[in-house]
1. Just add up the charged neighbours of VAL35: K/R +1, D/E -1, any other residue whose Cβ is under 14 Å from the Cβ of VAL35.
2. Taking neighbour counts of Cβ atoms within 10 Å as a proxy for exposure, in what order, fewest first, do ILE132, ILE58 appear?
3. Let me check I have the definition right: for region 1-76, take the eigenvalues of the Cα gyration tensor, multiply each by 5, take square roots. What are those semi-axes in whole Å, largest first?
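Taken together, the values in this text are just the output of simple stated rules run on the coordinates, not laboratory data. Since the structure is predicted, the reported quantities are computational estimates derived from the model, not experimental observations. Don't worry about glycine lacking a Cβ; one is built from the backbone with ideal geometry, like all the others, and counts go over all protein chains shown.
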Amino acid sequence: MKQRSLLQQLDRLAQENEDLQGTVGEAEEEKAKLVDQIADIERERKVLRSQLQEQQEIVKVLQQEKQILEESASSLDRQLVELKQSLQEQREREKLLALYPELQPPPEFEGTGDVTQDMEKQLQANNLRITILEEENSRLRATLCKLREKSHQEPLRLVPQTQLWSIPHVTESAGLEPRHEVSKKARPQLNLRDTSQSSLGSVHERRVSTGGTHQTLNVLTFPPENSPISAIARAKQVKGWRRTPSSERN
């Protein structure tokens, strides 16, 4: 009985040993696979590290290029602003030359010796003047259209002209008809006389219809002493006084 039990235990231990050996073999195979995977991972890590270094170097180079490009862009912006200012000044100068040529000294043309080339340059200059004048005309047309629209919307206010002398009012007599029946009115007239007359005046005639007859009213009015008409009359009187002695001597 003891031997049989020992044999059974031995068989069981042998079976367990075989199972354990199979498990150890599988573990060894898995270990080998893991070693191979670790080696592959190490190789990939080295490759990625080298790529990372290369990319870092590329990033450094790109940053340097970016800085250089930013500096060049800022310098180009400054140059662009300066060129725009100079271009604006040149356009204003060209406008002044085209609009007011009499204010500028005549330009000294330096001929190249080639008549065709000189004529082409002159043609370009004339085209430039024409273009500038057309732009000015377009601006003036736009302004004129705006003024016309505004004048249609709001009536223009006319400043009354200053009256140099006053027209006297004639008192109508009792036998004359009312003023709304006046048929004709003569405009005021100014008579400048020579030295024989001591004053000048204006004759204002009114013809008023009374029934079938016409009456003429002659009114002589004298302008004020400080008016321009009095000054002209005094000047003519002085000229007449200067001429009178010479005529008497002859």
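1. Net charge in that neighbourhood comes out at -3.
2. Details: ILE132 17, ILE58 10.
Least to most surrounded, the residues fall as ILE58, ILE132.
3. Numbers: eigenvalues 1013, 13, 5 Å².
Calculated on Cα positions only, the semi-axes equal 71, 8, 5 Å.
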